[in-house]
Amino acid sequence: MIQDRIAELKKRKNAVILAHFYQMPEIQDIADFVGDSLELSRRARDVDADVIVFCGVWFMAGSAKLLSPSKIVMIANGEAGCPMADMATAGDVARLREMHPKAAVVTYVNSSVEVKAVSDICCTSSNAVRIVESLPNAEIIFVPDRNLGSYVARFTDKKIITFNGYCPTHHRVFIEHVDAARRAQPNAELLVHPECVREVVDAADFVGSTAQIIAYAGASSGKEFIIGTEEGVLHPLKRQNPDKRFYMLSDRLICPNMKKTSLEDVVACLEEGVGAIEIDPGTADAAATSLFRMLEVK
Ligand code: 13P
Ligand code: SF4
């Protein structure tokens, strides 16, 4: 079985497999750790292994390499990008800095290495408010996600200057989907990711990162949930809560890039060394600083 082959290769190479909750079930099942972006960054920094095989999109594997430069970090499928991460450039950040010279730049980890390198600090969806509040600046330039930026603005007195980026997967879910899902499942709680548009976030019973959504559903006394994030989270949700029912807010909530990784890709990484991440030394240190700063904020 391919799973046995992966287990044997992992042992031989002293490798660990890190996977995001949006990965296919069979990938989550062979991973040593499955998590949200923040937990995966922490694991990548702390894990004791020679090799990390990352099952997720490029910015996640890139962050793992920045945080663990002495390890071999491989992306299982090198074609798995994140369209939101490609929306902002270092030039965009420079222009925003010129317009708002007193502002600090907080960059969502769903971004390129170049953009991280010109930022003051990174954040994820689970710590964005905390990161913004940790800074002395009264003005914050928030890139690239305008939806997460406007969600953060609700919890702080600081002025949040957003960029016009968005996640194409979460951004195509509308209040009409909420109305239809509520009608179909009137007793269910609606749990959504802050990458969703404002009207959807406003209508939710809980807003959080993938890990926070999974934790909320587990702890809730409720028995039915409408899930407003990528459908990969159904796998841990159903496994951990066999007595509860989960419904997708919309069948549009599928990230095509997260679905590119196959078990064969993982074998190719471990067997042939395909997918090793190399980061331009000119930007690596500055980008890593933005990530390490984020991990220092309690
Ligand atoms: P999380 O950090 O919540 O896992 O989100 C990552 C992501 O890409 C959301 O679209
Ligand atoms: Fe990027 Fe959206 Fe896919 Fe997350 S779900 S990886 S933000 S495209």
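The values are calculated or read from the model by the stated rules, or taken from the named source; none is laboratory data. As the structure is a prediction and not an experimental result, all values here were calculated from the model. We place every Cβ from the backbone using ideal geometry, glycine too, and count neighbours over all the protein chains shown. For the accessible areas, the whole protein counts, side chains as well, though only heavy atoms, and no ligand, DNA or RNA atoms are used. Shrake-Rupley method; radii C 1.70, N 1.55, O 1.52, S 1.80 Å.
For residues that are in a strand (DSSP E or B) and over 16 Å from the mean Cα position of the chain (by Cα), scanning just region 3-31, find the one that is nearest to GLU230 (Cα to Cα). For region 3-31, the residue satisfying everything is ILE17. Under 7 Å between Cβ atoms, which residue pairs at least 6 apart in sequence (or on different chains) link something in region 223-247 that is touching a residue at least 60 places away in the same chain (Cβ under 8 Å) and assigned to a loop (DSSP other than H, G, I, E, B) with a partner that is aromatic (Phe, Trp, Tyr) and open to solvent by less than 40 Å² (accessible area, probe 1.4 Å)? If the second residue must be aromatic (Phe, Trp, Tyr) and open to solvent by less than 40 Å² (accessible area, probe 1.4 Å), the pairs left are GLU230/TYR22. Cβ-Cβ distances below 6 Å connect the following pairs, each with a first residue in region 121-142 that is farther than 16 Å from LYS298 by Cα, a second residue that is open to solvent by 10 Å² or more (accessible area, probe 1.4 Å) and charged (D, E, K, R), and a separation of six or more residues or different chains: ALA138/LYS158; GLU139/LYS102; GLU139/LYS159; ILE140/LYS158. Condition check for ALA180 on (1) touching a residue at least 40 places away in the same chain (Cβ under 8 Å); (2) more than 16 Å from ligand 1 (Cβ to nearest atom); (3) open to solvent by 10 Å² or more (accessible area, probe 1.4 Å): one failure, at (1). Could you list all residues from region 132-155 that are under 18 Å from the mean Cα position of the chain (by Cα), under 24 Å from ASP285 (Cα atoms) and surrounded by fewer than 24 Cβ atoms within 10 Å (Cβ to Cβ)? Within region 132-155, just VAL132 meets the criteria.
On the stretch given as region 269-298, residues that are exposed (fewer than 15 other Cβ atoms within 10 Å of the Cβ), of a type outside the set (A, V, I, L, M) and not in a helix (DSSP H, G or I) total 4. Residue count for region 36-93, restricted to those that are polar (S, T, N, Q), within 18 Å of CYS123 (Cα to Cα) and within 16 Å of ligand 1 (Cβ to nearest atom): 3. Residues in region 33-91 that are within 12 Å of ligand 2 (Cβ to nearest atom), open to solvent by 30 Å² or more (accessible area, probe 1.4 Å) and of a type in the set (A, V, I, L, M, F, W, C): TRP58, MET87.
In the set (1) open to solvent by less than 20 Å² (accessible area, probe 1.4 Å); (2) of a type outside the set (Gly, Ala, Ser); (3) in a helix (DSSP H, G or I), the condition left unmet by THR261 is number (3). Taking each residue of region 248-277 that is closer than 18 Å to LEU18 by Cα and looking for partners that are of a type in the set (S, T, N, Q) and open to solvent by 20 Å² or more (accessible area, probe 1.4 Å) with beta-carbon atoms closer than 7 Å, six or more apart or interchain, yields LYS260/ASN77; THR261/ASN77; ASP265/ASN77.
On the stretch given as region 264-277, residues that are farther than 12 Å from GLY78 by Cα and either of a type in the set (Asp, Glu) or under 21 Å from the mean Cα position of the chain (by Cα) (or both) total 3. Restricting region 156-183 to residues that are in a loop (DSSP other than H, G, I, E, B) and polar (S, T, N, Q), which is nearest to THR89 (Cα to Cα)? Of everything passing the filter in region 156-183, ASN164 is nearest to THR89 (Cα to Cα). Of all residues in region 193-222, those satisfying the criterion of being open to solvent by less than 30 Å² (accessible area, probe 1.4 Å), more than 15 Å from ligand 2 (Cβ to nearest atom) and either part of a loop (DSSP other than H, G, I, E, B) or at pLDDT below 95 (or both) are ALA204, SER220, GLY222. Quick one: would you say LEU249 is within 16 Å of ligand 1 (Cβ to nearest atom) and open to solvent by less than 40 Å² (accessible area, probe 1.4 Å)? It is true that LEU249 is within 16 Å of ligand 1 (Cβ to nearest atom) and open to solvent by less than 40 Å² (accessible area, probe 1.4 Å).
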